[in-house]
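Step one of this worksheet: look at the structure below.
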Amino acid sequence: MQIKLALPKGRLLSLTNILLQKSGLELGGYNEHSRSYRPQCSNFPDLFLKIFHERDIPIQVAVGNYDLGICGLDWVEELLAKYPSSALVKVRDLGYGKSDLCVAISESAKVASVEELRSKVETIRIATEYPNLAESFALRLRLKRFNIFPLWGAAEVYPPESAELALLPQTPDSPFDQGLIPLTSILCSSAFLIAHQHSWESKDMSSLLHCLYAVGHMKEVRSEGLENRGGGIKGWSSGSQNSALWLALPDGHQQKPTLEFLRKAGIKVRDYFPTSRRPVISLKGVNVKVIRPQDMPLQVANGNFDLAITGKDWLYDHLCRFPSSPVKEILDLGFGKVRVVAVVSNELPVDSPQDLRELLGRGSLTTLRVASEYTNLADKYARDNHLSPYRLVPTWGASEAFLPEDADLLIENVQTGRTLAQHNLKIIDTLFESSACLVGSAYTADSSRKKRMDYVIQTLYRTAKEN
């Protein structure tokens with residue numbers, strides 16, 4: 001009898017690996033340097049392991065694709081906040097990966113308690129990666145008016161200009177450092193072992209569970225407790241905040257090429273993330289925040305930024321969902337080139353979307369499972385190619401891991417395609433080519449900001465022509 005266990009990548013990987021090794025599981029391929037998503041366990045031959053982004057694990061366990069999973073309790077509760085009847089069993093607190101999920105507010109807001117929030121009549125905006133838990137918090141507190149800003153990350157940088165509150169985790173390794181103070185904690189999280197309810201009730205997993213339970217409660221060595229280290233909002237350029245131009249710069253793998261492009265344009269940026277999410281830029285009257293490229297089109301549409309450097313892939317994904325959005329491409333910056341492609345496993349006998357359509361028509365595939373971080377692009381692609389019936393599988397990263405067991409088709413970005421080949425995957429179609437671009441709103445800014453915007457655009461335009 002096969003048992004399927006979903007394992008986390010990222011922040012919990014190292015400690016989860018220690019737990020499994022101490023449990024007596026002889027694992028290969030589960031470490032920070034491994035390029036495989038399928039570790040092997042030599043002494044439990046019927047144990048199937050796969051590595052996922054931590055946020056995907058509760059969903060995969062809830063729908064029954066995996067019998068067991070290890071992830072943070074915060075992501076379990078985020079799922080249950082919206083789907084309380086999900087087939088999830090919280091089996092055991094594993095005792096590591098501790099964090100407090102906190103509601104934080106800017107030091108400049110001068111709010112001392114959640115009771116003061118309840119009395120406010122104006123709309124309270126909450127920026128967060130946990131939109132379901134944020135909504136539950138706002139409803140429990142009986143806020144009169146509130147808006148939730150769902151994000152891919154970097155919630156700490158949005159208050160006070162773009163949001164009044166941020167709901168985000170605080171750990172000893174990542175204390176607040178953006179002029180934020182924790183107002184209240186809504187959840188104490190740690191790594192949890194979870195199970196699919198039907199598997200828990202019907203499968204004999206006693207041998208594996210005995211090994212995991214034998215380790216006991218893992219404890220972390222912590223030199224200090226969770227505390228706020230906010231020390232004021234740093235990195236702002238001088239000038240009136242009302243008339244300043246707001247520019248969003250990307251974090252992640254686009255950070256270095258963006259910094260190099262700005263250097264070529266004669267623009268200096270000091271303390272670019274990871275040092276700070278509010279770096280200082282050598283453009284008078286321009287303020288900068290470093291956020292996720294995935295969030296930029298929506299944040300520009302909401303008026304929180306005047307300009308942003310993101311990828312065409314995320315702009316197009318946004319426009320697929322909001323075709324009337326005011327966000328538009330201003331400049332193709334020419335770096336960060338990738339292709340957005342349709343991918344299948346080599347095990348699937350198809351070489352084109354037409355072949356997929358024929359498989360569905362013959363009934364060889366009952367429902368096409370389409371996995372992607374680009375959920376709106378993936379939805380449009382399936383509809384445009386008449387790949388019906390289909391079901392979208394949203395992912396938060398490590399998307400190659402989903403094929404072939406948990407999805408049939410992947411919409412993904414690639415540079416060379418070598419990583420896909422290493423995972424026994426093949427490209428069957430190219431949707432479009434993407435590169436970094438400068439985006440802005442079609443709505444006209446006020447005259448003072450418009451002059452600054454035109455200057456920034458012209459400065460970047462000259463460098464983009466050289467690329």
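Please go through the residue pairs LYS289/LYS451; LYS312/LYS450; LYS256/LYS380; LYS289/LYS337 and name each one whose alpha carbons sit more than 26 Å apart in this structure. With Cα atoms farther than 26 Å apart: LYS256/LYS380.
How much length, in nm to one decimal, is gained on full extension between GLN415 and ASP271, taken as 0.36 nm per residue of separation minus their Cα-Cα distance?
49.0 nm
Estimated purely from DSSP H runs of n ≥ 4, each contributing -39500 (n - 2.57), the mean residue ellipticity at 222 nm for the chain is -8000 deg cm²/dmol once divided by its residues.
Roughly how many Å is it from the Cα centre of the stretch 368-416 to that of the stretch 1-59, as a whole number? When both Cα centres are located, 23 Å separates them. At a Förster radius of 41 Å, what calculated FRET efficiency corresponds to the Cβ-Cβ distance of SER447 and GLN422, to the nearest 0.05? The value I calculate is 0.15.
Could you tell me what percent of the DSSP beta bridges with both partners in the stretch 99-188 are antiparallel, to the nearest 5? Once the DSSP bridges in the stretch 99-188 are tallied, antiparallel ones form about 65 percent.
Rounded to the nearest angstrom and ordered from largest down, what semi-axes does the equivalent ellipsoid of the stretch 338-433 get from its C-alpha gyration tensor (root of 5λ)? Spell out each step's value before the answer.
Working: eigenvalues 70, 40, 32 Å².
Calculated on Cα positions only, the semi-axes equal 19, 14, 13 Å.
Extension gain, GLN458 to ASP332, is 44.1 nm, computed as 0.36 nm per intervening residue step minus the present C-alpha separation. When both the stretch 306-335 and the stretch 262-299 are represented by their alpha-carbon centers, they are found 17 Å apart.
Could you tell me which of rounded, prolate or oblate describes the stretch 281-340, using a ≥ b ≥ c as the square roots of the eigenvalues of the alpha-carbon gyration tensor, with rounded for a/c under 1.5 and, failing that, prolate when a/b is larger than b/c and oblate otherwise? Intermediate values should be presented prior to the final figure.
Numbers: a/c = 2.05, a/b = 1.29, b/c = 1.59.
Taking the square roots of the gyration eigenvalues as a ≥ b ≥ c, the stretch 281-340 is oblate.
Neighbour counting of Cβ atoms within 10 Å sorts the residues ASP379, ASP74, ASP271, fewest neighbours leading, into ASP271, ASP379, ASP74.
For the stretch 252-266, backbone phi angles converted through the Karplus equation (6.51, -1.76, 1.60; θ = phi - 60°) give residue-by-residue couplings of x, 5, 7, 5, 5, x, 5, 4, 5, 4, 5, 4, 4, 7, x Hz, Gly and Pro being listed as x.
A simple count of charges around ASP295, restricted to other residues whose Cβ falls under 11 Å of its Cβ and scoring Lys, Arg +1 and Asp, Glu -1, yields 0. For the chain, with only Lys/Arg (+1) and Asp/Glu (-1) charged at the beta-carbon, what is the dipole magnitude about the Cα centre, in debye rounded to 20? The calculated dipole for the chain is roughly 1240 debye.
The dipole here belongs to the stretch 291-353: it is taken about the Cα centre, uses +1 on the Cβ of Lys and Arg and -1 on the Cβ of Asp and Glu, and is about 120 debye. Let me know the Kirkwood hydrodynamic radius for the chain, please, with Cα pairs as the basis and the value in Å to one decimal. One decimal place: 24.1 Å for the Kirkwood radius.
For SER113 and ALA81, a Förster radius of 30 Å and the Cβ-Cβ distance give a FRET efficiency of 0.80, rounded to the nearest 0.05.
Once the chain from PHE432 to ARG142 is taken as fully extended at 0.36 nm per residue, the excess over their C-alpha distance is 99.8 nm.
What number comes out for the charge environment of TYR130, summing +1 per Lys or Arg and -1 per Asp or Glu over other residues with Cβ under 11 Å away?
-3
Computed from the C-beta positions of GLN2 and HIS386, the FRET efficiency with R₀ = 35 Å rounds to 0.50. Sort the stretch 99-188 into rounded, prolate or oblate with this rule: let a ≥ b ≥ c be the square roots of the eigenvalues of the Cα gyration tensor; rounded if a/c is under 1.5, and if a/c is not under 1.5, prolate when a/b is larger than b/c, oblate otherwise. Judged from the Cα gyration tensor, the stretch 99-188 comes out rounded (a/c under 1.5). Label separation (GLU32 vs VAL215): 1.7 nm, computed from points 7 Å beyond Cα along the C-beta direction.
Read-outs: derived from the displayed coordinates by stated rules, not from any lab. The model shown is predicted, which means the values in this text are computed figures rather than measured ones. Cβ atoms come from the backbone with ideal geometry, glycine included; neighbour counts cover every protein chain shown.
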